[in-house]
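Step one of this worksheet: look at the structure below.
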Amino acid sequence: MAMPDTKKFPHSGLRGWLLAESPASARQARAQRAYVGWLTFRSNPIAMAGLIIIGLLLVIAALAPFLTSGEGIEQNLANRLKAPSAEHWFGTDELGRDIYDRIIWGSRVTLYIVFLVSVIVMPIGLMIGTIAGYMGGWVDTVLMRITDIFLAFPRLILALAFVSALGPGLENAVIAIAVTTWSPYARLARAEALTVRSSEYILAAQIQGASTLRIVVSHVVPMCMSSIIVRLTLDMAGIILTAAGLGFLGLGAQPPLPEWGAMIATGRDFLLDQWWISTIPGFAILIVSMGFNLLGDGLRDVLDPRSGGE
């Protein structure tokens, strides 16, 4: 990561402390690294655009009860298939439900899926990859062959198989997506572990008698975290599209839950005359997916030292 020219800034106050050429403590060094990372991120307008999009998504999801007139599940057949207007900004669907309300509440469903999948795939991918890379030998062979099996199938096809076996539903869709998503993170963590397992600080920990589990958890996993976070952020778009695909096929979130993929499916019969029913949730998926991609690109510049400063 390229350090900013500290001679351009006065060494006074908090900014001077954060940009000091020689940190006086480990705490100051960590704060400096975080601040320099923020400066690098902030200098990337594309990354900032992604951060703004995801920040707005979080704010909208948090304030959904205050931004809408209902939860988007109340039917009103007298208002069915209304075009966008001052009363219904995004129009209404075939059951008279306000699409604006459903889009806002659907952001919570999207974030719920993204959060649960992240919580599941990161630990699984990290532990399998780091153990395989650090241990090597038959452990590496067995774990990587299992990983290859999951990598051999297209993600959506494998998710369809799992959710078909588990049954339709939001939680089952999350499990199916997580089961089909962890394998690339295991591969990435293994590559990082192979790089660091011969490092001097790993050898020092071995000489001190640290157990394999302690070395993996305390020393190897932290070195893999930055790459995993970047990969996860870039994969968010794929996760959202997979969830939307399952919802579109009726295997994800079930009615009347306002999930964007399911909303697209319900509007396909009215696409020619009432285009807004499917187009607006599709546009929401596009914007959020693009936001995560832009954010991940910026995080890669900050967290991956091999790409910084180029």
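Contact map, the stretch 243-262: residues that are in contact (Cβ under 8 Å) with a residue 60 or more places away in the chain and closer than 16 Å to Ile280 by Cα paired with residues that are outside any helix (DSSP H, G or I) and β-branched (Val, Ile, Thr), Cβ distance under 9 Å, separation 6+ or inter-chain. Pairs shown: Pro258/Ile73. Within the stretch 66-82, being among the hydrophobic types (A, V, I, L, M, F, W, C) and modelled with pLDDT under 90 holds for Ile73, Leu77, Ala78, Leu81. Name the residue that is nearest to Thr233 (Cα to Cα), counting only residues in the stretch 11-60 that are in contact with a helix residue (DSSP H, G or I) (Cβ under 6 Å, 6 or more places away or on another chain) and among the aromatic types (Phe, Trp, Tyr). My answer is Phe41.
Consider the stretch 98-111. How many of its residues are without any contact (Cβ under 8 Å) to a residue 40 or more places away in the chain and either buried (at least 22 other Cβ atoms within 10 Å of the Cβ) or assigned to a loop (DSSP other than H, G, I, E, B) (or both)? Qualifying residue count, the stretch 98-111: 1.
Among the criteria (1) crowded, with 21+ Cβ neighbours inside 10 Å; (2) at pLDDT 85 or above; (3) not small (Gly, Ala, Ser), the one Asp301 does not fulfil is (2).
The residues on offer are Gly267, Gly252, and the sole one that is surrounded by 16 or more Cβ atoms within 10 Å (Cβ to Cβ), at pLDDT below 90 and within 17 Å of Glu94 (Cα to Cα) is Gly267. Go through the stretch 140-194 residue by residue and tally those that are β-branched (Val, Ile, Thr) and surrounded by 19 or more Cβ atoms within 10 Å (Cβ to Cβ). Of the residues in the stretch 140-194, 7 are β-branched (Val, Ile, Thr) and surrounded by 19 or more Cβ atoms within 10 Å (Cβ to Cβ). Among residues of the stretch 146-168 that are touching a residue at least 12 places away in the same chain (Cβ under 8 Å) and within 17 Å of Gly125 (Cα to Cα), those with a beta-carbon under 8 Å from a residue that is assigned to a helix (DSSP H, G or I) and basic (Lys, Arg) at least six positions away or on a different chain give the pairs Thr147/Arg187; Leu151/Arg187.
Here is a yes/no grid of residues against (1) under 19 Å from Thr279 (Cα atoms); (2) surrounded by 15 or more Cβ atoms within 10 Å (Cβ to Cβ); (3) among the aromatic types (Phe, Trp, Tyr):
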| site | (1), (2), (3) |
| --- | --- |
| Leu56 | no, no, no |
| Asn76 | no, no, no |
| Leu81 | yes, yes, no |
| Trp89 | yes, no, yes |
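Somewhere in the stretch 55-76, is a residue more than 30 Å from the chain's Cα centre (by Cα) and assigned to a helix (DSSP H, G or I)? Scanning the stretch 55-76 turns up no residue that is more than 30 Å from the chain's Cα centre (by Cα) and assigned to a helix (DSSP H, G or I).
The values are calculated or read from the model by the stated rules, or taken from the named source; none is laboratory data. Computed from a prediction, not measured in an experiment: that's the story for all the values here. Note that each Cβ is placed from the backbone with ideal geometry, even for glycine, and that neighbours are counted across all protein chains shown.
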